[in-house]
Every structure is written in C-alpha cells, then in structure tokens.
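Report on one structure; see the data block that follows.
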Amino acid sequence: MNYWLLKSEPSVFSLDDLRRAPGGRDHWDGVRNYQARNHLRAMTEGDQAFFYHSNCATPAIVGIVEICCSAYPDHTAFDPHSPYYDPKSDPEHPRWHMVDVRFLQALPRPVTLQELKQQMRQHPEIANLPLLKRGCRLSVMPVSPQAWHAILQLAQE
C-alpha cells in the first residue's frame with residue numbers, strides 16, 4: 001500500500017462534502033499540474049491518503065480517504081463549461097486523470113500545517129513531506145510510511 005496527501009480548499013470540496021457524497025465516494029478531479037497528475041497515475045486501489053484542507057484559516061490534515069480505483073481520464077478537461085476545461089486535452093489522448101476516493105474517517109483532531117512544521121525536529125520522518133517544502137503547491141503528493149504513522153500519532157495526542 002502507498003500513502004498520499006490530497007489537498008482541497010474546504011470552500012470548494014471538504015472532507016464533510018466527501019462524507020456526505022453517496023456511499024462517501026466521489027472522484028478527485030481538476031488536477032492540472034503534471035507532477036500531481038503523475039502521482040494520481042501512480043495510485044492503486046486500496047492506497048490511502050490524508051485529506052488536507054488548504055487555503056483556509058487553519059490549513060490542516062483532517063481525515064483519511066481510500067483510493068477506490070486506478071487513475072482514469074478526467075472528463076472535466078473535455079467540458080468547455082467546466083472550470084477545469086483544457087482545450088488541448090481530448091478523449092483520444094487525455095492529458096489529465098483522476099481517481100475515485102472514499103471517506104474512511106476524520107482524524108481524532110486536525111493536524112495543522114503549523115504543528116507539522118513545529119514537529120519536524122521531534123519527528124524527523126515528517127521533515128521530507130513535500131507539503132513542508134517551501135513553495136510546494138502540489139495538490140497530490142506522496143507520503144512515506146514513516147511520515148504517515150508519525151502524523152497518525154500526532155492526531156492521537
């Protein structure tokens with residue numbers, strides 16, 4: 001199993017939105033960065049991801065989701081009425097992909113970005129999180145098993 005972190009603005013799509021979706025399942029669409037897209041392509045069914053609320057008053061890891069299927073073409077890229085439309089992508093040669101995710105659980109308490117930065121010395125395994133790298137704006141990123149377990153431990157404290 002691989003671990004990931006998926007970022008979303010809660011005003012656009014929150015963990016609660018996913019929880020309320022039919023079966024607690026929805027697609028993760030709109031990724032328009034090649035590196036993040038490549039991470040989506042690397043995901044496999046059964047992988048788990050932290051759900052991270054970004055661009056809000058208190059950015060934080062708030063829950064855990066499961067990847068329900070491997071990546072497939074992101075249909076929003078073909079829709080001229082979608083905010084994620086890309087005229088250079090077509091169904092024959094899709095440029096962008098998405099995965100389906102299913103709500104697993106909210107964390108016992110959010111683990112904030114500020115807390116992650118403060119905990120890097122005590123938990124060096126989280127220091128390599130792309131999320132903590134200056135200028136990292138990826139919406140999809142890998143998480144090492146060591147960092148995954150350290151963050152779960154922080155959420156229990």
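Every read-out reported here was derived from the displayed coordinates using simple, explicitly stated rules and does not represent laboratory data. Owing to the predicted nature of the structure, the values given are computational and were not obtained by experimental measurement. Positions of Cβ are generated from backbone atoms using ideal geometry, with glycine treated the same way; all protein chains shown enter the neighbour counts.
A few comments on the model shown:
- Rel. contact order, % - alpha carbon contacts under 8 angstrom, at least six apart, the stretch 3-156: 29 percent
- With the cut-off at under 16 Å, measuring from each backbone N in the stretch 100-116 to a point 7 Å along the Cα-to-Cβ line of S70 picks out 100.
- The angle between the Cα long axis of helix 145-156 and the main principal axis of the chain comes to about 60°, on a 0 to 90 degree scale.
- Close amide H pairs (under 5 Å, H built 1.01 Å from N) link E9 with S54, residues at least 5 positions away or on another chain.
- Rg of the Cα atoms in the stretch 108-156, relative to 2.2 N^0.38 Å, amounts to 1.07.
- Here the gap between S82 and L132, fully extended at 0.36 nm per residue and compared with their Cα-Cα distance, gives a gain of 14.9 nm.
- Relative to its residue count, the stretch 40-95 spans a Cα convex hull of 108 Å³ per residue.
- Restricting the stretch 57-157 to chymotrypsin sites (Phe, Trp or Tyr not before Pro) that sit in a DSSP loop and have at most 14 other Cβ atoms within 10 Å of their own Cβ leaves Y85.
- Convex hull volume of the C-alpha atoms in the chain, normalised per residue: 114 Å³.
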